[in-house]
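First up is the structure itself, then whatever we jot down about it.
The values are calculated or read from the model by the stated rules, or taken from the named source; none is laboratory data. Since the model is a prediction, treat every value here as computed from it, not as a measurement. Here the Cβ positions follow ideal geometry from the backbone for every residue, glycine too, while neighbour counts run over all protein chains shown. Heavy atoms of the whole protein, side chains included, go into the accessibility calculation; ligands, DNA and RNA do not. Shrake-Rupley method; radii C 1.70, N 1.55, O 1.52, S 1.80 Å.
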Amino acid sequence: MPKAQETVLEIDLPALKHNFEYLKSKIQKDTKFLAVVKAFAYGSDADDIALYLQDLGVDYFAVAYTSEGVSLRNAGITKPILILHPLPISFETIIERCLEPSIYNRKVLDEFLKVASDKNQIKYPIHLKFNTGLNRLGFDLEDLETIYSKISTSEAIHIKSIFSHLAASEDIKEKEFTEHQIKWFKDITERFTTVFKYKPLLHLCNTSGILNYPEAHLDMVRSGIGLYGFGNSEKENKNFVPIAKLKSVISQIHHIAKGETVGYNRAFKSEASITTATIPIGHADGIGRQYGQGKGFVIINEKKAPIVGNVCMDMIMVNITDIDCKEGDEVIIFDSAHTAENLANAANTISYELISAISQRIKRVIKK
């Protein structure tokens, strides 16, 4: 692609295809694949990503909230869409747009059952979420009898799947805990089959679960971060290609004398004569203040330029003293070589946070 003339996020669909095909190679042919496209497809572009994955043969999509599912329907997504954290205020919309809610506690079950019944639904698909140790959302095993008593007396809803969420599948030090979660989930599903007399779809594995626990792939797997190019380990990262490249330009160059300060609160005081470049991207664009004070950096002409002082809302200043560059030159914030994971690590955070925070005001450019 041409060099940037403004701040842009380039999205590489062939890289997405590569990541999808690599993950598919790790599962059995009859195991379904659910693509997680919440948070604007992890900060990229949910509509284009989902449409492309739909063409590639993804079986299911998942988003966090109902509004995200509505946006996908408006974009032309026809595959099933699981709403991972639906709220009762959105239940009518969920039914109107043929979305499928995760039901995670008794209150939510009661409220969705009432809405579905009031709308004369027959076997409307729902997904039961069980807690196996993440302790975020989910029923407990002892809720099964109550769930059965509520659902068995109504034809309004039908359980399409039961699922849970692994807490630390990327961490080899937590293997014992992960294996305990897998066993716990299998105990729940066996008990479910005994009580309900049928077996819905079962799914447990996230990206790292796909890679590290093949015995837990079950009927369907879910992938988010892997699709976007990160394998959660140094070994697996080599098998993925980050799909997003965040680029900008040098707006202005300043020559800072010894003793001068840079930026808000005079957070940086120069101990020698230096040269800085101002880049049009800031914390309103997803580059948080934690990247300031020399922790974060950008790449200019293949050299690292550390951020000077505090990150501003719309701009950062970087040290280019030893870099041959000029105003208008391209700046790489992250790409497949200088990854978002490396930049995130420098600020003691994770790639998920960095990429999903990229502002929607930044122009998206799709590479097909």
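Filter the stretch 332-345 down to the residues that are surrounded by fewer than 17 Cβ atoms within 10 Å (Cβ to Cβ) and free of Cβ contacts under 8 Å to residues at least 60 places away in the same chain, then identify the one that is nearest to Lys238 (Cα to Cα).
Ala337
So is Leu137 in contact with a Gly (Cβ under 7 Å, 6 or more places away or on another chain), part of a loop (DSSP other than H, G, I, E, B) and surrounded by 13 or more Cβ atoms within 10 Å (Cβ to Cβ) or not?
no
Quick one: what pairs do we get from the stretch 231-247, first residue at pLDDT below 95, second open to solvent by 40 Å² or more (accessible area, probe 1.4 Å) and among the β-branched types (Val, Ile, Thr), C-beta under 9 Å, 6+ apart or different chains?
So the pair list comes out as Ser233/Ile172.
What number of residues within the stretch 318-331 satisfy the criterion of being surrounded by 20 or more Cβ atoms within 10 Å (Cβ to Cβ) and closer than 15 Å to Lys247 by Cα?
Total satisfying the criteria: 2.
Under 6 Å by Cβ, and 6 or more places apart or on different chains, what pairs join a residue from the stretch 73-84 that is of a type outside the set (A, V, I, L, M) with one that is in a loop (DSSP other than H, G, I, E, B) and surrounded by 14 or more Cβ atoms within 10 Å (Cβ to Cβ)?
Arg73/Arg97
Name the single residue, out of those in the stretch 89-112 being among the hydrophobic types (A, V, I, L, M, F, W, C) and touching a residue at least 24 places away in the same chain (Cβ under 8 Å), that is surrounded by the fewest Cβ atoms within 10 Å (Cβ to Cβ).
Filtering the stretch 89-112 for residues that are among the hydrophobic types (A, V, I, L, M, F, W, C) and touching a residue at least 24 places away in the same chain (Cβ under 8 Å), the one surrounded by the fewest Cβ atoms within 10 Å (Cβ to Cβ) comes out as Cys98.
Do any helices (runs of 4 or more DSSP H) lying entirely in the stretch 7-57 carry at least 3 residues that are closer than 15 Å to Lys79 by Cβ and open to solvent by 20 Å² or more (accessible area, probe 1.4 Å), and which ones are they?
Hits in the stretch 7-57: 46-56.
Please tell me if Thr153 is loosely packed, with under 13 Cβ neighbours inside 10 Å, without any contact (Cβ under 8 Å) to a residue 24 or more places away in the chain and part of a loop (DSSP other than H, G, I, E, B).
Yes: the conditions hold for Thr153.
Check Asn212, Asn265, Asn232 and return the single one that is among the polar types (S, T, N, Q) and out of contact with any helix residue (DSSP H, G or I) (no Cβ under 9 Å at 6 or more places or on another chain).
Of Asn212, Asn265, Asn232, the one residue that is among the polar types (S, T, N, Q) and out of contact with any helix residue (DSSP H, G or I) (no Cβ under 9 Å at 6 or more places or on another chain) is Asn265.
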